[in-house]
Amino acid sequence: MKKLIFTLFALLISASSFAQFERDKIYVNASLTGAGLSYSTASELNMGLNATAGLFFEDCWAAVAEADLNYAGKKLQEFGAGASLRYYIIQNGLYLGLGGRYQHGNLVQEERTSFNDFQIKAEVGYAFFLSRTVTVEPAVYYRHSFKDNDLSTFGLKVGFGLYF
């Protein structure tokens, strides 16, 4: 009897998580990026905020827009905005993302030098469902700079997502 109940429970959980990645669902996320864990040779370790919104245009495929602010100390260092595609693998919460972004910032050095850059972003993350619509989403990302390789960034982010 325990095995039957466990099997039914596992099927219920897998069916409810699949429903979150269906066509026409809306996704919203707020993340803490870096958290002292991102690294770029052009700057020291930093922290930032990231806001993401997306729409599932096909089952397991989402078009995502994002904006972020990255801080170094008390001064604004970078602002970025971009768009990407996400694919949720086998409806289990694991996702892959790939997209492009514009970044404007100031290099924190002896002289303040502002820059504009276009970057390609790759991301791997997982959506842990706390309820039917709320998730905790850790992710690892890499942003490759076309302007200067020193501006390329590797980091970790953790956020809370909502699926409507």
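Couple of notes before you dig in:
- Residues of the range 138-155 classified as closer than 17 Å to Met47 by Cα, open to solvent by less than 50 Å² (accessible area, probe 1.4 Å) and not in a loop (DSSP other than H, G, I, E, B), total: 7
- Residues that are modelled with pLDDT of 90 or more and crowded, with 16+ Cβ neighbours inside 10 Å, drawn from the range 19-48: Lys25, Tyr27, Asn29, Ser31
Here's the yes/no breakdown for (1) at pLDDT below 95; (2) of a type in the set (Phe, Trp, Tyr); (3) open to solvent by 60 Å² or more (accessible area, probe 1.4 Å):
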position: Leu96; (1), (2), (3): no, no, yes
position: Gly100; (1), (2), (3): no, no, no
position: Gln103; (1), (2), (3): yes, no, no
position: Arg112; (1), (2), (3): yes, no, yes
position: Ala122; (1), (2), (3): no, no, no
position: Ala127; (1), (2), (3): yes, no, no
position: Ser131; (1), (2), (3): yes, no, no
position: Lys157; (1), (2), (3): yes, no, no
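- Looking only at the range 115-136, residues that are in contact with a helix residue (DSSP H, G or I) (Cβ under 8 Å, 6 or more places away or on another chain) and over 25 Å from Gln103 (Cβ atoms) come to 2 in all.
The values are calculated or read from the model by the stated rules, or taken from the named source; none is laboratory data. None of the values given here were measured: they were computed from a predicted structure. Every residue, glycine as well, gets a Cβ built from its backbone with ideal geometry; the counts of neighbours run over all protein chains shown. Ligands, DNA and RNA are stripped out before the accessible areas are found, and what is left, the full protein with its side chains, is counted by its heavy atoms. Shrake-Rupley method; radii C 1.70, N 1.55, O 1.52, S 1.80 Å.
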